Amino acid sequence: MAGEKVHLTGAKETLLMTLYGKALESRMPDSLLGDHFADTAVRKIDYDFSRLKVDENLGIGLAIRAKTLDVRVEDFLARNPEAIVLHLGCGLDTRFFRVDPPPGVDWFDVDYPEVIELRRKLYPTRDHYHLIASSVTEPGLLAGVPRHRLAIVVAEGLTPYLPADEGLRLLSR
Ligand SMILES: C[S@@+](CC[C@H](N)C(=O)[O-])C[C@H]1O[C@@H](n2cnc3c(N)ncnc32)[C@H](O)[C@@H]1O
């Protein structure tokens, strides 16, 4: 089967580094993250990952960062099983599948339209799992997100790509 071709540039292309790092770490015998969803996605993508110069060491660092955030989200959802998760600049990260939230949770993965289109091709859908195809800097970003429920906001590896004033506007929104 021919793989999914990707043509991402700039900040969007960096999602391939984090995805590949997590996939490499998941292949290690004592993997911390065990992100076999990332590994499966990498195998479906037609792209020369060797050009990214990502090795197992970087993968371990990325896995520690991702696991730290997964544990925070799991802890929050265990205490608030009807909450919302807003996952900004999600890239192809598979946190939703790793965390496997309780059925009362509504989860929103947000990234640029090209990235969300790729997610739709690579990952399954599920009830209460929503994709928002938008820059996080768009004023209408939260239009479809319920405002009166507890929420946790996760942004992993996103802020380096946001100008400071945009980042502050996003936080205040
Ligand atoms: C280094 S990747 C991290 C991806 C994912 N969070 C992870 O840890 O694997 C940076 C991500 O931020 C996204 N991004 C950067 N600027 C963005 C913006 N203004 N709006 C939405 N997504 C953005 C990119 O498309 C990319 O998916």
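The values are calculated or read from the model by the stated rules, or taken from the named source; none is laboratory data. Just so we're clear, the structure is a prediction, and the values are computed from it rather than from any experiment. Please note: Cβ atoms are built from the backbone with ideal geometry, for glycine as well, and neighbour counts cover all protein chains shown. For the accessible areas, the whole protein counts, side chains as well, though only heavy atoms, and no ligand, DNA or RNA atoms are used. Shrake-Rupley method; radii C 1.70, N 1.55, O 1.52, S 1.80 Å.
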(request) Test L162 against the stated conditions and say whether it is more than 13 Å from the ligand (Cβ to nearest atom), of a type outside the set (G, A, S) and more than 16 Å from the chain's Cα centre (by Cα). (result) no
(message) All but one of (1) touching a helix residue (DSSP H, G or I) at 6+ places or on another chain (Cβ under 9 Å); (2) part of a strand (DSSP E or B); (3) more than 13 Å from the ligand (Cβ to nearest atom) hold for H130; state the number of the condition that does not hold.
(response) (1)
(message) Conditions first: (1) in a loop (DSSP other than H, G, I, E, B); (2) surrounded by 18 or more Cβ atoms within 10 Å (Cβ to Cβ); (3) within 16 Å of the chain's Cα centre (by Cα); (4) not acidic (D, E). V54 passes all but one, so which condition is the exception?
(response) (3)
(message) Taking the condition of being open to solvent by 90 Å² or more (accessible area, probe 1.4 Å), closer than 15 Å to L15 by Cα and touching a residue at least 12 places away in the same chain (Cβ under 8 Å), how many residues in the stretch 135-173 meet it?
(response) 1
(message) Return the pair list, or none, for Cβ contacts closer than 7 Å from residues in the stretch 16-43 that are under 13 Å from R98 (Cβ atoms) and of a type in the set (S, T, Y) to residues that are part of a loop (DSSP other than H, G, I, E, B) and within 13 Å of the ligand (Cβ to nearest atom), at least 6 apart or on different chains.
(response) S26/L33; S26/D35
(request) Considering each residue of the stretch 1-31, count those that are away from the ligand (no atom under 15 Å from the Cβ) and over 17 Å from R120 (Cβ atoms), and give that number. (result) 7
(message) Looking for something among the charged types (D, E, K, R), away from the ligand (no atom under 11 Å from the Cβ) and closer than 21 Å to G144 by Cα - is there at least one such residue anywhere in the stretch 79-93?
(response) yes
(message) Quick check on this structure: which one of G61, G104 is assigned to a loop (DSSP other than H, G, I, E, B), surrounded by fewer than 20 Cβ atoms within 10 Å (Cβ to Cβ) and among the small types (G, A, S)?
(response) G104
(request) Spot the failing condition for G34; the list is (1) open to solvent by less than 70 Å² (accessible area, probe 1.4 Å); (2) touching a strand residue (DSSP E or B) at 6+ places or on another chain (Cβ under 9 Å); (3) at positive phi; (4) not hydrophobic (A, V, I, L, M, F, W, C), and only one is missed. (result) (2)
